[in-house]
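Inspection log for the structure reproduced underneath, given as structure tokens.
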Amino acid sequence: MEQTKLDILRNFIDGTWEAEPDLMPAINPATGEKIAWLPKSSRETARRAIAAAKQARKGWASRPVWDRAAMCVAIADKIDGKREQIARVLSTEQGKPLPQAIGEVAKAADGFRLAAELVKQLGGETPPAEDPSKLVITIRQARGVYAVITPWNYPVNIPTEYLAPGIATGNAIVWVPAPTTSMAAVELMRAIEEAGLPKGVVNLVLGEGATVGDEIVVHPDTNGIGFTGSAATGRRIAERGAGKPMLLELGGNGPVLVFEDADLDKAADAAAVGAFSNAGQICAATGRVLAHRAIAEPLARKLVERAEREILGDPLHQGTTMGPLNNPKVAAKVREHVDDAVANGATVLTGGKPRPDLGSDLFFEPTVVTGVTRDMRINREETFGPVIPILSFDDDEAALDLALDSEYGLSVGVFTQNMDRALRFGEAIPAGIVNINASSTYWEIHLPFGGGSGTKSGIGRLGGRLTLEAMTELKMITITRTGA
């Protein structure tokens, strides 16, 4: 591959930045231009990272909890000090507007501070024993070497959801980020390095998921797996890593249900936030709006108004509220979903087209589609783009039937003034999160986040104490009293 004067990024293994012979380009989604060269790492590189983590794990796990907590605070301080720099790289490479990128980086610093506080409270129990000679205690210990694979939609904050609890609890980590946001991963890794984390505790391996991601999943020396990404990849990881403890936060197609008594302005605002923030590339995005037929038309008009307020453009330009999609694969799926809906009788009220005139083929207009039926791809699959499909229902029974007719179960929004109805739907829908009179995207980093059982939306819960517990092992120790 012909190299230019662009930066050539490196892996970070055992405390050293290492070059890789094979390279692939990093692309600016807003312009289509190459902006750096990335390692296309091999399985052997991933194995060396695993060996480094295995070597570091015992020493790090043996460090006092307060020392590990202090390290997380130091990392948070470094992230804060590099906030603008990290955010600018993130915005350039991922495509989200700079203010959103700055907010993401700030939230990552919060995540390290939260882990620092929570690990100090992560204790065991002294359950009673039937045998009077026994004293039983439980303790939590790091699992060992954690394989962490993260996506491109939130390339700083989502890694933090695993890295901060993993570091705090004494794990060593091999981290494989999405190739299309590897530059942001390098910036975060530099902040971690500058905080003084001992070598080998976190190792960054850049490359293709099918190669280095698969290696850290299947390797016998990794003891746990954390993954956020698509349902299809999550299933593959679950098969390849069978027998290892896993945290899998997968896709969603969250319905936002709007009943006839809802505040339509609030519902429209919330649905628009869930569909257009980060160009709709959010796990808990407004996947589809289910509207009571009596208010479906006025709600659609309000959604069109909000879509047309969005300012589509270069994410680094002041005033831009929505940037490009991140990569050609997701852009193609968004186009296919809209085209399929139109071909089968739906109507595009606004948007619906790519905007290559803005700089690349990855720009796609904020879109509202009405007349959607349950069999259309835009209803059944996760679009992961700035599109709001609207389906209508006539009564509560039909609304619940539409909401349940999905393979996903991540996050739901319910808009109604009837709290009996709201709680009934909240309990009946098999999703991990149900937000009443709020966007499907509402979440805070200390709260549980994950998919419902029996759906394609994942296993386990991220968020606060729950992640620390998932990344540790509960051990029982019994003591037999002498002379008892």
TODO: Inspect all residues belonging to region 359-372 and state whether any of them is in a helix (DSSP H, G or I) and out of contact with any Ser or Thr (no Cβ under 8 Å at 6 or more places or on another chain).
DONE: no
Open item on the list: Considering only residues that are closer than 28 Å to G280 by Cβ and either among the small types (G, A, S) or within 17 Å of the chain's Cα centre (by Cα) (or both), which ones fall in region 60-101?
Closed with: A87, L90, S91, E93, Q94, G95, K96, Q100, A101
TODO: Could you tell me whether region 438-454 includes any residue that is among the hydrophobic types (A, V, I, L, M, F, W, C), closer than 17 Å to D261 by Cβ and not in a helix (DSSP H, G or I)?
DONE: yes
Task: Residue ID - nearest to A271 (Cα to Cα), chosen from residues in region 331-374 that are among the charged types (D, E, K, R) and touching a residue at least 24 places away in the same chain (Cβ under 8 Å) - done: E365
- [ ] Output the qualifying pairs, or none if there are none: Cβ atoms under 6 angstrom, residues six or more apart or on different chains, first residue in region 117-133 and farther than 30 Å from A74 by Cα, second residue part of a loop (DSSP other than H, G, I, E, B) and of a type in the set (A, V, I, L, M).
- [x] S133/A484
TODO: For region 234-311, please list each of the strands (runs of 3 or more DSSP E) lying entirely inside it that holds at least 2 residues being without any contact (Cβ under 8 Å) to a residue 60 or more places away in the chain and in contact with a Ser or Thr (Cβ under 6 Å, 6 or more places away or on another chain).
DONE: none
Task: Selected residue (criterion: surrounded by the most Cβ atoms within 10 Å (Cβ to Cβ)) from residues of region 427-437 that are among the hydrophobic types (A, V, I, L, M, F, W, C) and in a loop (DSSP other than H, G, I, E, B) - done: A431
- [ ] Pick out the one residue from E215, E239, E260 that is outside the structural domain of I173 (by TED's automatic domain parsing), acidic (D, E) and more than 19 Å from the chain's Cα centre (by Cα).
- [x] E260
TODO: Answer yes if at least one residue in region 407-422 is assigned to a helix (DSSP H, G or I), crowded, with 24+ Cβ neighbours inside 10 Å, of a type outside the set (V, I, T) and in the same structural domain as A268 (by TED's automatic domain parsing), and no otherwise.
DONE: no
Task: Candidates R335, R301, R306, R288, filtered to the one that is in contact with a Pro (Cβ under 6 Å, 6 or more places away or on another chain) and charged (D, E, K, R) - done: R288
Open item on the list: Out of everything in region 454-484 that is charged (D, E, K, R) and at pLDDT 95 or above, what residue ends up being surrounded by the fewest Cβ atoms within 10 Å (Cβ to Cβ)?
Closed with: K475
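Residue-by-condition table, conditions (1) buried (at least 19 other Cβ atoms within 10 Å of the Cβ); (2) of a type in the set (V, I, T):
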| residue | (1), (2) |
| --- | --- |
| A271 | yes, no |
| A284 | yes, no |
| A294 | no, no |
| L303 | yes, no |
| T321 | no, yes |
| N326 | yes, no |
| V338 | yes, yes |
| A343 | no, no |
| F364 | yes, no |
TODO: Say whether the condition of being under 17 Å from I390 (Cα atoms) and in contact with a Phe, Trp or Tyr (Cβ under 6 Å, 6 or more places away or on another chain) is met by at least one residue in region 235-252.
DONE: yes
Task: So M322, is it touching a residue at least 60 places away in the same chain (Cβ under 8 Å), under 30 Å from E249 (Cα atoms) and touching an Asp or Glu at 6+ places or on another chain (Cβ under 9 Å) - done: yes
Task: Top-ranked residue in region 456-484 [being polar (S, T, N, Q) and more than 17 Å from the chain's Cα centre (by Cα); ranked as farthest from G144 (Cα to Cα)] - done: T482
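The values are calculated or read from the model by the stated rules, or taken from the named source; none is laboratory data. Predicted model only: the values in this text are computed from it and were never measured. So basically every Cβ, Gly included, is an ideal-geometry build from the backbone, and we count neighbours across all protein chains shown.
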